[in-house]
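Below is one structure; the comments refer to it alone.
Readers should treat all values here as calculations from the given coordinates under stated rules, not as data from a laboratory. None of the values given here were measured: they were computed from a predicted structure. Glycine also receives a Cβ, built like all others from the backbone with ideal geometry; neighbour counts cover every protein chain displayed.
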Amino acid sequence: MMFLRLIGESFGFAFRALRENRTRTFLSLLGVTIGILIIIGVFSAVDTLRANLESSVEKLGSKTLYVQKWPWGGGEDYPWWKYVNRPDPDIRDFAALRTRMTTAEAISFNIDIGNRMAQYGNNNVSGITVSAASHDLFDIRKLEIVQGRYFTESESNRGSNVAIIGATIAEGLFPGGTDPIGKSIKVLGRKVNVIGVFKKEGEGMIFDVSMDNAVLIPLNFGRNVINIRRADSYIMVSALPHVSLDETESELRGMMRSIHRLSPQEEDDFSLNKTTIITAQLDAMFKVINLAGGFIGIFSILVGGFGIANIMFVSVKERTHIIGIQKSLGAKNYFILSQFLIEAIALCIIGGLAGLSIVYLLAFLVKLMFGLAIVVNIGMVILTIVLSTLIGLIAGIIPAAMAARLDPVEAIRSK
């Protein structure tokens, strides 16, 4: 009980000192607040960027393989000359894979052609992507339709002139809340009936995989209106739930080599792309970003810590005679030590909470104004509190130890 009473009195002394020196307290808090704000802000920005990038990757499917002419990648060392003469995946490849694959849950053939225009009456939307896909695309991409429906099996097989449009196109062609279902729009010089509208997804940060600005038509209809030689064609293969992606990839590679009649000595004339390629690149990139963010945070914290230490030395100097009186009345060294340590820790914790509050306020304003959700990791919040306590402890230990070792007679004379 005596120990708890002494600790309570130490808190009282510390907070009275903070209240009596408001300007100095504010300046001390400012250094710590800015330091914590920078470190939390940097890592929140990195986490937000990572979350948005991973969201774009997830749209591609974690258990989906893409048979394409070009491998995913890029950069200055990208050997484009090795792939430029490869054939594009075609309908024969798709038909053969559907017949032979045993580890695939669904297989879809897709054709994309960009920078087109959709028109309805006097309204038009330019820069859209027209996509023609086989019926299984819905099972692979897990597309969400907020109005209308997806193609029926018979519509896909017959190649009916029907379409599902993205949310951005629906807003542009049918302003004022007009129901687009059942309306005929003009795409690629042909009229198509709108049977559905995709849920608004927002733009991706890696690949343009959003359906907001796309018109999806059945493959058998698209083959008649799209020049495949000028379009991007690819095959999507999703693995069965109980089968690993590596197993499906191994079978798919063997099937494609067999279909293209490649000898064992010949290299693949196709690419099998998957999201793990992107996630590996993201992991490597974020290791560098986190390292840079860590250095920025460390320097910010050091600046705040030096500021606290400086203020604590001044505080000890100003209160030397009070320390002498306390010691002459029987105050123990640990009582004096605890006063200054608690004051330093309190400064850092208050500064840390202030910095954290500013981060949450900025996150709220960004979401309110721009619709971007800022990710504030709870682990970073806990780390902030721990760091604030450690900074106060380290910054205050030397001034507090100096105060505790003062001779009471000399301390009283200092007045």
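Some observations on this one:
- Pairwise Cα distances in region 87-269 exceed 23 Å in 45 percent of cases.
- Region 188-203 and region 275-301 have their alpha-carbon centroids 38 Å apart.
- With θ taken as phi - 60° and the Karplus curve 6.51 cos²θ - 1.76 cosθ + 1.60 applied, the whole-hertz 3J(HN,Hα) list for region 25-36 is 4, 4, 5, 5, 4, 4, x, 5, 4, 5, x, 5 Hz, x standing for glycine and proline.
- Cα-centred dipole magnitude for the chain, charges only on beta-carbon of K, R (+1) and D, E (-1), debye, nearest 20: 1180 debye
- Estimated vicinal HN-Hα couplings, Hz - region 331-338 in sequence order (Karplus 6.51, -1.76, 1.60; Gly, Pro = x): 5, 7, 4, 5, 5, 5, 4, 5
- Among the listed pairs K200/K367; K142/K274; K63/K183; K82/K287; K287/K367, those with a Cα-Cα distance over 24 Å are K63/K183; K82/K287; K287/K367.
- Dipole-positive endmost among N110, G196, I259 within the chain (Cβ charges, Cα centre): G196
- Karplus 3J(HN,Hα) series, Hz, for region 113-119 with 6.51 cos²θ - 1.76 cosθ + 1.60 (x for Gly, Pro): 9, x, 6, 10, 10, 10, 9
- Helix 378-404 axis, angle to the chain major axis (alpha carbon atoms, nearest 10°): 20 degrees
- Residue among F174, V187, T48 farthest towards the positive dipole end of the chain, charges placed on Cβ: T48
- Whole-number Å³ per residue for the convex hull built on Cα positions in the chain: 218 Å³
- Placing one equal scatterer on every Cα of region 169-313 and applying the Debye formula, the log10 ratio I(q)/I(0) at q = 0.10 Å⁻¹ is -0.70.
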